[in-house]
Amino acid sequence: MADRVPVSAPVSGDRTPGRPAGPGRFGRLGRSLREAVLGYLFILPALAVFAVFVFYPLVKTVILGFYRTPPFPNLPSRFVGLSQYRSVISSTAFLESLWRTVLFVVFTVPIGLVLGLGLAVLANQRLGGIQIFRTIFSSTVATSVAVASVIFYTLLNPEVGLFSYWLGHQGGAGILNNPTLALPAVSVVTIWQNLGFTFILMSAALQGVPDELLEAARIDGSSQWHRFWRVTLPLLSPTVFFAVVVGTIGAFQAFGQIDLLTQGGPNNHTDVLIYYLYQQAFLFNDTGVAAVLSVVLFVILLILTFVQFRFFERRVFYGR
Amino acid sequence: MTASAVTGGPTVSPAGGLELPRSASVGLEGVTKRYGDATAVDSLTLEITAGEFLVLLGPSGCGKTTALRLVAGLEEPTAGLIRIDGEVVNELDAKDRDVAMVFQSYALYPHLNVRRNIEFPLRARHVAAEERDRLVAEVSASLRIGDLLDRRPAQISGGQRQRVALARAIVRRPRVFLMDEPLSNLDAQLRTEMRAELVELHERLGTTILYVTHDQVEAMTMGDRIAILYRGVLQQVGVPQEVHDRPANAFVAGFIGSPPMNILRGELAATGIADGLQVVLPGGAVPLPEPLAAVARRRGLTSLIVGVRPEHVAVDPAGTLSGSVTMVEALGHENHVACRLEGGKLIMVRLATGEPVPRPGERVTLSFPGGRLQLFDPVTEERLDG
Amino acid sequence: MDGERSGDVERRGDVERRRRPVGPLVRRILRYTLLVVAAVVVAFPIYITVVNALLSPQQIAARPPTLFPVHPQWGAFRSAFTLGNLGIFLRNSLLVTVAITVAEVATSALAGYAFAFIRFPFSRTVFVLFLATLMIPMEVTLVPNRETIVALGWFNSFPALIVPFLASGFGTFLFRQSFRGVPRDLHDAARLDGYGHWRFLTRVVLPLNRPAIGAFTVFAFLGAWNQYLWPLIVTETNGVRTVQIGLRQLQALSINQTNVIFAGTVLAALPIFVILIVFQKQLVRGLTAGAVKG
């Protein structure tokens, strides 16, 4: 093996300056203490941010819900216990905004999912130039909610908007001011803006379907249609589920499109929960009511996230 | 060892700058490692002299790797003392123990090329660039990987990776090498080659090597001494021949050798001739030669465990043990014959070429010519000696 | 081995050939038609935005509408900077986004490493706390957080936009999972070679986990760039406002300046478009992280 074995100067602790190799520099306890300190140093930056901007405000929000905000500034707020929670949750304004949020979810999530999946299936073919189509289908990822909203707002402008013209709504109040059409319009913008993400998600999942399975099904004589429903879709179901939960959570947090397109109007017809919360908190400065709404929103999101976690805990989290 | 390190091979480059080889003794004193309820290493006491090549041998899960990691400082013992060069190192961090380890997986950094991998420990110790280059050139030339320095681990073969791992350990010039099944990922031919190279390397470097393996052939061919571990307990330490010829207990007997020793339980009975004894085994009785019979008599045993190496069993028409051949392994230079005795027990027979080989299914009788048996206590399974 | 592999290729070739049934041309035309129609529908809003940015307000309002930029005029982009203050907004967005992204990747990598490699008391409990932050979005804690910002004297300043987002539960989780893929032997080898946690992190773990880091970097960048609600409630002057809020002001321009509005949206989306093209792989990985494979 060795023509010449390097037997050079030992390169080890005793030669290294500044590192005493003697025993007891850190004892066994010292070593694990040092390890523990280092561990906490590593997590400290994140932990500090979370403490100040996540955990503390969450607790504070719950507490704020116990206090009724005075009608005029500079008056002390009054402790009312659970009564504010009760009154807000049973109020028509809240229930209506919750109902509109549910409608918004129903409008956006299933349609967005079907469209994204459809595009993904369409783009999952071996055809020349398919990459161009893939790029186009994922392109709306580059538009933020604000960009998408401003584009559609202008295109839906009753005077000069191209879409208003094509949809026969030129002149008049416009689609966004139409009580029946406003929420569907906001939903369309949301679906469009999310389409790129859904497409990317579904494409990745489709590419994860093993060719062998589809080929086996093909050899067994099943049709393309049959293969999609019986092989591909079942294998996609975890991703579909993920998309539904993430989409629903996203819909509950959808604020920008409401603010930019309708500001909750016309006549509160697009006043979803998060926008209602925003108005209470920052337009009417009713922190008490806003806090209760925040807690409700939190509970809803918590349940949704929990559903997601329970599912993914099995599949992904400890999948290693 | 010092001399061989300096003289090296015939194409030696000037030996300037060579220093004395480094090696240190390693001592374990009642070292125990527990994980919860499980005891991985049970009060292990073992003394490895400086410059020795000691093999820790045992089946998987016997605690040998844990013992190695304890010496490395990657694990902390639950009890006991670990010494390197006489100095207790329990409190010393792994990096300060001046030991290098070669891992079964080689543990090469996949994102670094071979040069950077070998340099890695040097950079940690802030060795100057020139010195670093010199050391890497030296070690890579001696391990014949000098032309691979710019490749990534993924771009070289398993054998080459093994050399890089060795180079990374050597380049530090540690006091002790710890090797954890370093050859087990190589194919059989390469493994044989590397065994020889490692032995040669040890002779040249003179550094203490603590070598873990489950392969008794490696242990027998490489180790100055072998320490056999089973269920965390040290079974026997000794030079290969001693371990082979005088196994301390039935476990060691059944673990060492290829194929290993046959271990049979039997009852003692009188032969009827003088006060001779015979062992009644499932397929018949075999006489116990006198020095061994005397041992059995002295202890007043009624049953015992008999060990007999496959090369000490003969297919013999006059044999007293009968069974049927279940399988014949023709290895070219010798043949292994598996016979099933009446009780269902398998016994291996090793036949040199030239000896007639029975066919599978054939009924044969066996004998133990020369009575080269080993006896073990039926309860403690300890070796019974005169 | 080699023979097997080439046989495999042949088999695949057979399947490929069988895949082309009778009338393949009709089928292909049909597929392309579907693709083109879908592409036109999806891309039209973006297309028309770019076109309109290059038209005069009169051309935009003209009926029947102009769908091609016959005489492109670039003035709207200049106006987006002058009238719409896009320059300041973009600068602010870039500053805030880069700061958040860098910090988020750093704090997540540190925490992810600690959870993956360092033994410290209560690490499991703390990790669960980190995971819990995934269930507590900013939308839920707006009121007290704004109060905190005001109390800290950060209202209408960059720290207000940056500091609350200096950590990410998702990033920590992602990195921990990814880092745990580093073999234990590498960690042990580095320890014996004299590398402490810090150098093992920077020299081994980070280089080995470039894919995960790239994916999360793009993910974090997108998230920070697209923020809307929080910047809206903690800023009040253009000097610190981000481009998303800038668009809100731009939208309010009169209908005689629609070309400026469109030009502004193009400018606001441009950085992300560039990222989409350059970092497509990381983007896809970032967006699908946790969904397909975790």
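The values are calculated or read from the model by the stated rules, or taken from the named source; none is laboratory data. Since the model is a prediction, treat every value here as computed from it, not as a measurement. Positions of Cβ are generated from backbone atoms using ideal geometry, with glycine treated the same way; all protein chains shown enter the neighbour counts. Please note that ligands, DNA and RNA were not included when accessible areas were found on the heavy atoms of the full protein model with its side chains. Shrake-Rupley method; radii C 1.70, N 1.55, O 1.52, S 1.80 Å.
The figures follow:
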{"item": "Residue list for segment C:257-292, filter: among the hydroxyl-bearing types (S, T, Y) and under 30 Å from A:N157 (Cβ atoms)", "result": "C:T258, C:T265"}
{"item": "Failed item, numbered, when A:F284 is tested on (1) at the interface with chain C (Cβ under 10 Å from one of its Cβ atoms); (2) open to solvent by 10 Å² or more (accessible area, probe 1.4 Å)", "result": "(1)"}
{"item": "Only one of C:F68, C:F81, C:F117, C:F122 that is modelled with pLDDT under 95, assigned by TED's automatic domain parsing to the domain that holds C:H197 and closer than 30 Å to C:Q249 by Cα", "result": "C:F81"}
{"item": "Test: residue in segment C:221-240 that is open to solvent by 50 Å² or more (accessible area, probe 1.4 Å) and within 21 Å of the chain's Cα centre (by Cα)", "result": "no"}
{"item": "Segment A:266-281, residues that are out of contact with any Gly (no Cβ under 8 Å at 6 or more places or on another chain) and open to solvent by 10 Å² or more (accessible area, probe 1.4 Å)", "result": "A:P266, A:N267, A:N268, A:H269, A:Y278, A:Q280"}
{"item": "Single condition B:V233 does not satisfy, out of (1) touching a Leu at 6+ places or on another chain (Cβ under 6 Å); (2) open to solvent by 10 Å² or more (accessible area, probe 1.4 Å)", "result": "(1)"}
{"item": "Subset of segment B:327-357 [open to solvent by 40 Å² or more (accessible area, probe 1.4 Å), touching a Leu at 6+ places or on another chain (Cβ under 7 Å) and in a strand (DSSP E or B)]", "result": "B:R340"}
{"item": "Conditions (1) within 14 Å of chain C (Cβ to nearest Cβ); (2) more than 25 Å from the chain's Cα centre (by Cα); (3) among the hydroxyl-bearing types (S, T, Y); number of the one not met by B:T78", "result": "(1)"}
{"item": "Hits in segment C:121-137 (condition: in a helix (DSSP H, G or I), under 14 Å from A:F309 (Cβ atoms) and β-branched (V, I, T))", "result": "C:V128, C:T133"}
{"item": "Subset of segment B:91-112 (residues that are surrounded by fewer than 19 Cβ atoms within 10 Å (Cβ to Cβ) and more than 7 Å from every other protein chain (Cβ to nearest Cβ))", "result": "B:Q104, B:L112"}
{"item": "Residue list for segment C:1-36, restricted to those being within 10 Å of chain A (Cβ to nearest Cβ) and either modelled with pLDDT of 65 or more or not in a helix (DSSP H, G or I) (or both)", "result": "C:R28, C:R31, C:Y32, C:L34, C:L35, C:V36"}
{"item": "Qualifying residue in segment A:79-90 (condition: out of contact with any helix residue (DSSP H, G or I) (no Cβ under 9 Å at 6 or more places or on another chain), within 18 Å of C:V143 (Cα to Cα) and outside any loop (DSSP other than H, G, I, E, B))", "result": "yes"}
{"item": "Elements of type helices (runs of 4 or more DSSP H) contained in segment C:149-216, each with 2 or more residues being away from every other protein chain (no Cβ under 11 Å)", "result": "C:158-162, C:169-179"}
{"item": "Complete set of residues in segment A:266-288 that are touching a residue at least 40 places away in the same chain (Cβ under 8 Å) and in contact with a Phe, Trp or Tyr (Cβ under 9 Å, 6 or more places away or on another chain)", "result": "A:N268, A:T270, A:V272, A:L273, A:I274, A:Y275, A:Y276, A:T287, A:G288"}
{"item": "Total residues in segment C:111-130, condition touching a residue at least 12 places away in the same chain (Cβ under 8 Å) and either touching a helix residue (DSSP H, G or I) at 6+ places or on another chain (Cβ under 6 Å) or at the interface with chain A (Cβ under 7 Å from one of its Cβ atoms) (or both)", "result": "8"}
{"item": "Near pairs, Cβ below 7 angstrom, 6+ apart or cross-chain, from segment C:253-267 (more than 8 Å from chain A (Cβ to nearest Cβ) and within 18 Å of C:S93 (Cα to Cα)) to any residue that is open to solvent by less than 10 Å² (accessible area, probe 1.4 Å) and of a type outside the set (A, V, I, L, M)", "result": "C:V266/C:T49"}
{"item": "Residue within segment A:202-218 that is polar (S, T, N, Q) and over 27 Å from C:I233 (Cα atoms) present", "result": "yes"}
{"item": "Residue match in segment B:88-98 (condition: part of a strand (DSSP E or B), among the hydrophobic types (A, V, I, L, M, F, W, C) and without any contact (Cβ under 8 Å) to a residue 40 or more places away in the chain)", "result": "yes"}
{"item": "Considering residues of segment A:117-126 that are open to solvent by 20 Å² or more (accessible area, probe 1.4 Å) and among the aliphatic types (A, V, I, L, M) only, the residue nearest to the other protein chains (Cβ to nearest Cβ)", "result": "A:L122"}
{"item": "Members of segment A:73-116 that are over 19 Å from the mean Cα position of the chain (by Cα), buried (at least 19 other Cβ atoms within 10 Å of the Cβ) and among the aliphatic types (A, V, I, L, M)", "result": "A:V88"}
{"item": "Tabulated pairs, segment B:119-130, first facing another protein chain (nearest Cβ under 8 Å) and part of a loop (DSSP other than H, G, I, E, B), second open to solvent by 50 Å² or more (accessible area, probe 1.4 Å) and not aromatic (F, W, Y), C-beta under 6 angstrom, 6+ apart or interchain", "result": "none"}
{"item": "Search result, residues across segment C:255-269 that are over 13 Å from C:A80 (Cα atoms) and either touching a Lys or Arg at 6+ places or on another chain (Cβ under 9 Å) or not aliphatic (A, V, I, L, M) (or both)", "result": "C:N256"}
{"item": "Residues within segment C:76-94 that are part of a helix (DSSP H, G or I), touching a residue at least 12 places away in the same chain (Cβ under 8 Å) and open to solvent by less than 80 Å² (accessible area, probe 1.4 Å), tallied", "result": "10"}
{"item": "Members of segment C:107-147 found to be within 30 Å of A:N285 (Cβ to Cβ) and among the charged types (D, E, K, R), listed by number", "result": "C:E139, C:R146, C:E147"}
{"item": "Subset tally (residues that are in a loop (DSSP other than H, G, I, E, B) and buried (at least 23 other Cβ atoms within 10 Å of the Cβ)) for segment A:250-261", "result": "1"}
{"item": "Looking only at segment A:151-171, and only at residues there that are part of a loop (DSSP other than H, G, I, E, B) and within 10 Å of another protein chain (Cβ to nearest Cβ), the one that is farthest from C:Q244 (Cα to Cα)", "result": "A:Q170"}
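Rundown of residues vs (1) open to solvent by 40 Å² or more (accessible area, probe 1.4 Å); (2) under 18 Å from B:T320 (Cα atoms), yes/no style:
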| residue | (1), (2) |
| --- | --- |
| B:I228 | no, no |
| B:A253 | no, no |
| B:M261 | no, no |
| B:E267 | yes, yes |
| B:A285 | no, yes |
| B:P291 | yes, no |
